[in-house]
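The values are calculated or read from the model by the stated rules, or taken from the named source; none is laboratory data. Computed from a prediction, not measured in an experiment: that's the story for all the values here. Glycine gets a Cβ as well: all are built from the backbone with ideal geometry, and neighbour counts include every protein chain shown. Note: accessible area is taken over every heavy atom of the protein model, side chains too, but ligands, DNA and RNA are not part of it. Shrake-Rupley method; radii C 1.70, N 1.55, O 1.52, S 1.80 Å.
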Amino acid sequence: MSASKLIQLGAFFLGCLLLLSSVQAETSPTWTQATALFKQASFDKTREAVDLLATSHEPQAQQLLQALLDGQLYQHKQTDALALLSDKDPLDLSTGQALGTVNKDDYRKVPINNTLRKYLRSKIGGLSLANPDPKVRLAATTGLLETITPEMLPQLQELASKESDQAVKDALQLGIHLASLSATDKPTQLAAIQALDGNLNPLVRNKLNPLSTNADPEIAKAAQASLRSIENKVSLNASIETLFFGLSLGSVLVLAAIGLAITFGVMGVINMAHGELIMLGAYTTYFIQKLLPNYLDYSLILAIPAAFMVSGLMGILIERTVIRHLYGRPLETLLATFGISLILQQLVRTLVSPQNVPVSNPSWMSGSLEINSVLSITYNRLYIIAFTLLVFAILSYLLRKTKLGLQVRAVSQNRAMARAMGVRSARVDALTFGLGSGIAGVAGVALSQLTNVGPNLGQSYIIDSFMVVVFGGVGNLWGTLVAGLSLGVINKFLEPWAGAVLAKILVLVFIILFIQKRPRGLFPQKGRAAGD
Amino acid sequence: MSEGEGAHFYREGALDTSHKAILYLEGLNVSFDGFKAINDLNLYIDAGELRCIIGPNGAGKTTMMDIITGKTKPDSGKAFFGQTIDLLKLSEPEIANAGIGRKFQKPTVFESHSVAENLELAMKGDKRVWFSLRAKLDHEQKALIEETLETIGLTAQYHQQAGALSHGQKQWLEIGMLLVQKPYLLLVDEPVAGMTHQEMERTAELLKSLAGKHSVVVVEHDMEFVRSIANKVTVLHQGSVLAEGSMDEVQQNPRVVEVYLGV
Amino acid sequence: MFSQILKNDRGGQIMLVVLAAVLIVVPILNLAVAETSALHIPTYLVTLMGKYLTYALLAVAVDLVWGYLGILSLGHGAFFALGGYAMGMYLMRQIGDRGVYGNPELPDFMVFLNWKELPWFWQGFDQFWFALLMVLFVPGLLAFVFGWLAFRSRVTGVYLSIITQAMTYALMWAFLRNEMGFGGNNGLTDFKDILGFSLQADQTRVALFICSGLALALGYLLCRYVMNSKLGRITVAIRDAESRTRFVGYKVENYKVWIFTLSAILAGVAGALYVPQVGIINPSEFSPLNSIEIVIWVAVGGRATLYGAVLGAILVNYAKTVFTGLMPESWLFMLGALFVLVTLYLPQGLAGLWQPLKTKLGHKPEVAA
C-alpha cells in the first residue's frame, strides 16, 4: 500500500470525525451567540463574534473565519444560518455539509473592512497553530517563521511548552530563536545566535547576515562566527550532494560499462555495438510502457527482464553470426561490430522513428529524500545507485559461483585447455556474450529513466563505457565498478569550476594519460599470462 | 637522440670480461601475484662457455631469460653483463645491441619477410630510425647473409617468405638471426623442439662450434641433447639453482633425482 | 627515381597513371569545354572529385599506420581536422573586413563573442606560409607527443585504438567550446578567397583539385619510398612480431612514433586541402564516427597496399554520395553491412581479389624474383 493511500484513508476518517462533531455543533451556544452577533452587521459586533469563535473549539470556526476573510461568508436572511458561498459548492458552515443549489438572493453577505481583515489574519494563524492536526500546525508554524517578530515571543513560548509533536516543537523553537535575534536585549540575542549555530535553514542566514554588521561588536562577532560555521556546514552538504551526483553518474557509467567488461574483459571481444544494445533495452522499456499504459508503476520492473532478453538474444545473434568468426582478431571484431551498431541504429530510425520517444517515469521514481534544508536526494538517482550495485552483485555471483561462471573464466584463460576439459566453448562464448549484452539491455532500462531515448542513445555512452573498462583494468569487474564510480565522482567535482564540457575533456585527457602510466588500468591482471 | 648515444656506448669494446665471467646474476627475485618465479637466483656464466640449463616446468628458466634480456624487471637483485653493464638499467633493444641475443622457445621470425630479409633485419649495425630509411646492404653484409644461409641450410629459401617455412626451418632461421646479430652471449630457449634427430645433431654441432668465440646458454628439456653438448649443467628448481656441475655429477645428485622423479 | 620507388608496385603504377590522366582531362573538360557540351564537367563535380582525392590521401595515411605498422588508429580524423582548422584559420584571416561585422582584424565569431583582440594562437595565420607550416606542424606535434607517450608505455592493440578514439572525442568537445576560439559549434566558414583568388572561381576550384591530386601522388610516393626502405621492413616486422623486433635491437617506440607522426602530417595535409574545397570546417570532423569510417575505406580497398586505400576511399565515398542522394535511409545500412562483410569475407579488401588475378595473369610474385 502506498503512502498516498494511507493519507486518503486518514482523511476519510478525519472527515467522519468532523461530521460527527458538526452535528453536535448545531446546538452549541457559542455558535448561536456568534450567529446572533453576525446578524447585527456591525464591524464591532463581527469582531466580537470573531473573538468568540477564535477562542472556542468550534470545529468549523477556522473555515468560517477564512470565509469571512475571503468575503465568502453569507448569512441566510430568514434562518440566520451561516454559509460559505463561492464559485464552488455552497457549504452550510454550521454542519460543514454541502447545501446543494441555493438562491444567492436569500443570503446576505457579512461585511468586513481592512482593520477586520488584518485582525482576522492573525486570528486564523493562531487557530492554525492550535489545529489538532500536527501537519497543519507545522505548516502554520513554518509559514509564520518568515514574518516573525519579537512580539510573538510569549505566544510562541506558550505554544512550544504545550506542543507534543516534535517536528512542530522544533519549528516553534526555531521561531523563538529567530524572534529573539531581533530582540532588543543583548543577552537574548547572543543566546539566540549561539542556539542557531549550524542551523541550515536559509531564514537563519537571512537573519544573521544583517547582524554580522551590527553596531555592537560582540553581536557582530558572534553572528559572523555563527554564519561561518553555517557556511561550512552548507559547503559540506554541497560536497555530499556533489559526491552523490558523482556516484549516481558513476553508477550509470558502471551500468553501461559492466556488460562491456564481460565481453571485452572476459572474452577479449571489442563490441562497438554495445551502446546499441543499451539502446535496445531503452526501447524495450518504451514498448512495454506502451503495451501496458495503465500499469506505469509496474511496467518498469517488467521491462528489466524483457530488456535483458531482447538485448541478450540480439547479442547471441551477433555472436553466432559475426563475432564467432573473428575470435583472436580484436581489431576486426571492433570494425565488424561497429558496422552492426550502424545497422541497429538505422533499423530503429526506420522502424520506430528518427526522433526520441517518450518514456515515462513511474510515480515511485519521482520525488526526493530530504535530508536537511540544503540537502535532498532524488529518488531516481538513489534507485540507480542501488540498482547498479544489485546488478553488480548478481553478476559477480554468476561469474564466481556458478558453473557457467567457472566455464567462462576457464575459456577466457585458456580456450584450448578448457575445450580439452570438455567445456563446450562455442556455447560458453554465446552465453557469455548474451549475458554481457543482456546487461547492456538492463542498463538501457535504467538509462531510459535518466536521458532521452533515441537512436543515438548508445553512441553517446560507448566511448565512456570503454574508458571505464580500460581505466579499471580489463578482465576485472571490481575494476570496472571502482573506475566507473570514481570517474563519475571526479567528473561531478570538476564540473562546478570547469563546466560540464571542460570537465568531460579533462576526464578524457586524464584517462589517456593514466593509460600511458599504467597501460593495464587500475587493477591489472598480473603474471606471465598477462604478457603477450 | 638518446637512443643513438645508447647504441653507441654499448658497441664494440664496452663489454668488459676481464674477470672471466660474462654474465652475473646475483640474488634475483621475481614474483607474479605472490608466486615466486625466481627465488634468490645466483648464476655466473664465463666468457666462451657453453652452459645448459635444465629444470622441470615452472623452474623459472624462461623468466630468467626474460630478466637477462630486459623483458621482465626483477623485484630485487643484480644482473650484470661483464663488469660494467648493468642489465637492469637497459631496455630490450639496448641489451640486444650490447651483445645479448635470444632465441625464443616458440620460434618467432618475421613471417611476411623473406628469409634473407629476416637476416638483414637481425644483422648487427646501426638500428636508428633515420639511418634505416637510407640503409642499403653492402657487399660485406650480403656475403654475411649468404654465408649464414649456408650455415643454417636455407640457401635455397633465400627469397621465400619466412611464414611459409616449416617449424624446423623457422628454428634454423631464428638461429641464423642470432648469428648475424653477432652477440657475445647467446640465450637459446629449447632449440631442438620439433626437430628431427638429424637436425638435432646439426644443431648440437653448431652450438658447440659457437662456444669459445661466444658464450652460449641453452635451456633444453631433451636430456640426450643436453648430454651431447654440455660441459657444465645447471639445474633450476623453484626459481633457484638446485645443482651445478657436469651432466654425470648432476644426474647423480640426490636432490636432482628427487625433484625429477618427484614431479 | 619513380621507377625505383614503384618497382613491384603494379597497383600503384596503375593508380598513378589513372590519377595523372584524371588530373589532365578533368580540368580541360571543365575549363576548356563549353558548358553546353555533353563532355563538360561542371565545377561542383570537380570539387567533389577533389574532395575524394583528399579523402584518398587521408586513407593512405591511415593505411600507413594500420596496414604497415599494425596500429588501428581511430583518431586520424583529428589530424585531418587539425590540418583543416589550420587552413581554415588562414582563410578566415583572408576574409579581412568583408565579414558581416566588417572588423578587419577579428573574424565574425570573435566580434560576436565580444572579443577585443585576436588570441595569440591566431597570430601569424594571415601569412599563407605560416598556415602551411602549421598544417604540417600541429597534427605532427600532436601525433608525436601522443605517440611518444603511448608507445613508450607500450600501449598496444585495442587499448591504443580506444585511446586514439578518446583523443579525437576529447578534441571534438574542446573545439565545440566557444572559449577555445575556433568558432565553437559552427566552426570556420564563409571563406572568400585563397592567396587572393576567389574560392568561387572555377579556376581556383580546378587548381585546388589539381593540388589535391598532386598531394595524393606525392604522399603516395613518399609512403611507398619509406615502405620500400629498410625502415619499411622494420615497420612491418614490428607489426608482425613486435617483441622479436625489440630483441634484435630496434627501439620499437621510436619507429612507431616517426611513422605515426608522418601519417598524421599526411592526414593534416589532406585536411588542409579539404577545407577550401568544401568551404567549412567544424568540430564534427573530430567525431569518432568520421575516424572509424576512414578505417573502413582502407579495409574495403585492402590494407598494407597503399593503392587499395586510395581505391577504397574513392569507391566508398562515391557510393556514399550516390546513395545518400538516392535513398538516404539506406546508406547507413549499407555502410554497416560493408563493415561486417568486408571484415568477415574480404579481409584483404579489393586488392586481395586482385592478388590471385595477378598471379593467374603470369605476373611473378615478389618472393619468387
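A few notes on this one:
- Of all residues assigned to the stretch A:520-529, none qualifies as being touching a Ser or Thr at 6+ places or on another chain (Cβ under 6 Å), within 26 Å of C:Glu253 (Cβ to Cβ) and either within 11 Å of chain C (Cβ to nearest Cβ) or among the polar types (S, T, N, Q) (or both).
- Here the helices (runs of 4 or more DSSP H) wholly within the stretch C:101-217 that include at least 2 residues being within 14 Å of chain A (Cβ to nearest Cβ), within 30 Å of C:Arg239 (Cβ to Cβ) and free of Cβ contacts under 8 Å to residues at least 24 places away in the same chain are C:128-152, C:157-176.
One line per residue, one yes/no per condition, for (1) away from chain B (no Cβ under 14 Å); (2) assigned to a helix (DSSP H, G or I); (3) surrounded by fewer than 24 Cβ atoms within 10 Å (Cβ to Cβ):
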site	(1), (2), (3)
C:Ser243	no, yes, yes
C:Tyr255	no, yes, yes
C:Phe260	no, yes, no
C:Tyr274	yes, yes, no
C:Gln277	yes, yes, yes
C:Ile292	yes, yes, no
C:Ala313	yes, yes, no
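- Subset of the stretch C:279-290 (residues that are within 14 Å of another protein chain (Cβ to nearest Cβ) and open to solvent by less than 10 Å² (accessible area, probe 1.4 Å)): C:Pro283, C:Phe286
- Qualifying positions in the stretch C:103-121 - out of contact with any Gly (no Cβ under 7 Å at 6 or more places or on another chain) and open to solvent by less than 30 Å² (accessible area, probe 1.4 Å): C:Leu106, C:Met110, C:Leu118
- Flag if B:Ala122 is out of contact with any Ser or Thr (no Cβ under 7 Å at 6 or more places or on another chain) and open to solvent by less than 10 Å² (accessible area, probe 1.4 Å): yes
- Scanning the stretch B:28-62 for residues that are within 14 Å of B:Ser76 (Cα to Cα) and of a type in the set (D, E, K, R) yields a total of 2.
- Criterion applied to A:Val348, A:Val352 was being open to solvent by less than 50 Å² (accessible area, probe 1.4 Å), among the β-branched types (Val, Ile, Thr) and either out of contact with any Pro (no Cβ under 8 Å at 6 or more places or on another chain) or within 21 Å of A:Ala443 (Cβ to Cβ) (or both), and the one residue passing it is A:Val348.
- Yes/no for B:Ala96 being buried (at least 23 other Cβ atoms within 10 Å of the Cβ), within 13 Å of the chain's Cα centre (by Cα), of a type outside the set (Asp, Glu) and under 30 Å from B:Lys170 (Cα atoms): yes
- B:Ile85 being of a type in the set (A, V, I, L, M), more than 10 Å from chain C (Cβ to nearest Cβ) and buried (at least 19 other Cβ atoms within 10 Å of the Cβ): yes
- Among the candidates C:Leu332, C:Leu353, residue that is within 20 Å of A:Gly458 (Cα to Cα) and either more than 9 Å from chain A (Cβ to nearest Cβ) or crowded, with 16+ Cβ neighbours inside 10 Å (or both): C:Leu332
- Filter pass, C:Asp97 being acidic (Asp, Glu), more than 20 Å from the chain's Cα centre (by Cα), more than 30 Å from C:Ile238 (Cα to Cα) and open to solvent by less than 50 Å² (accessible area, probe 1.4 Å): no
- Taking the criterion of being open to solvent by 50 Å² or more (accessible area, probe 1.4 Å) and either within 14 Å of chain A (Cβ to nearest Cβ) or assigned to a helix (DSSP H, G or I) (or both), the residues of the stretch B:32-74 that qualify are B:Asp33, B:Gly34, B:Phe35, B:Lys36, B:Asn57, B:Gly58, B:Lys71, B:Lys73.
- Cβ-Cβ under 8 Å pairs, at least 6 apart or on other chains, the stretch A:400-429 side under 16 Å from A:Tyr327 (Cβ atoms) and in the same structural domain as A:Val474 (by TED's automatic domain parsing), far side among the charged types (D, E, K, R) and open to solvent by less than 60 Å² (accessible area, probe 1.4 Å): A:Val411/A:Asp429; A:Asp429/A:Glu319
- Any hit, the stretch A:382-402, residues being surrounded by fewer than 17 Cβ atoms within 10 Å (Cβ to Cβ) and either within 14 Å of chain C (Cβ to nearest Cβ) or on the phi > 0 side of the Ramachandran plot (or both): no
- Unmet requirement for B:Pro93, which otherwise passes all of (1) closer than 22 Å to B:Leu207 by Cα; (2) within 11 Å of chain C (Cβ to nearest Cβ): (1)
- Every residue from the stretch B:134-154 that is open to solvent by less than 30 Å² (accessible area, probe 1.4 Å) and farther than 15 Å from B:Ser166 by Cα: B:Ala135, B:Ile145, B:Thr148, B:Leu149
The rows are residues; the columns are (1) touching a strand residue (DSSP E or B) at 6+ places or on another chain (Cβ under 9 Å); (2) buried (at least 23 other Cβ atoms within 10 Å of the Cβ); (3) modelled with pLDDT under 90.
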| position | (1), (2), (3) |
| --- | --- |
| A:Gln407 | no, no, yes |
| A:Gln413 | no, no, yes |
| A:Ala418 | no, no, yes |
| A:Met421 | no, no, yes |
| A:Gly441 | no, yes, no |
| A:Gly472 | no, yes, yes |
| A:Thr480 | no, yes, no |
| A:Ala483 | no, yes, no |
| A:Ser486 | no, no, no |
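- Unmet criterion (only one of (1) under 23 Å from A:Met279 (Cα atoms); (2) among the small types (Gly, Ala, Ser); (3) surrounded by fewer than 24 Cβ atoms within 10 Å (Cβ to Cβ); (4) at pLDDT 90 or above) for A:Ser460: (4)
- Test: residue in the stretch A:121-131 that is surrounded by fewer than 19 Cβ atoms within 10 Å (Cβ to Cβ) and touching a Gly at 6+ places or on another chain (Cβ under 6 Å): no
- Boolean, A:Thr95 is assigned to a loop (DSSP other than H, G, I, E, B), surrounded by 12 or more Cβ atoms within 10 Å (Cβ to Cβ) and either at pLDDT below 80 or not aromatic (Phe, Trp, Tyr) (or both): yes
- Residue within the stretch A:366-377 that is open to solvent by 60 Å² or more (accessible area, probe 1.4 Å), β-branched (Val, Ile, Thr), in contact with a helix residue (DSSP H, G or I) (Cβ under 9 Å, 6 or more places away or on another chain) and away from chain C (no Cβ under 14 Å) present: yes
- Residues that are over 36 Å from the mean Cα position of the chain (by Cα), over 18 Å from A:Pro132 (Cβ atoms) and not hydroxyl-bearing (Ser, Thr, Tyr), drawn from the stretch A:156-187: A:Ala183, A:Asp185, A:Lys186, A:Pro187
- For the stretch B:164-185, the criterion of a residue being open to solvent by less than 10 Å² (accessible area, probe 1.4 Å) and modelled with pLDDT under 85 is satisfied by at least one position.
- Cβ pairs under 7 Å, 6+ apart, first in the stretch C:11-29 and free of Cβ contacts under 8 Å to residues at least 12 places away in the same chain, second not in a helix (DSSP H, G or I): C:Gln13/C:Leu6
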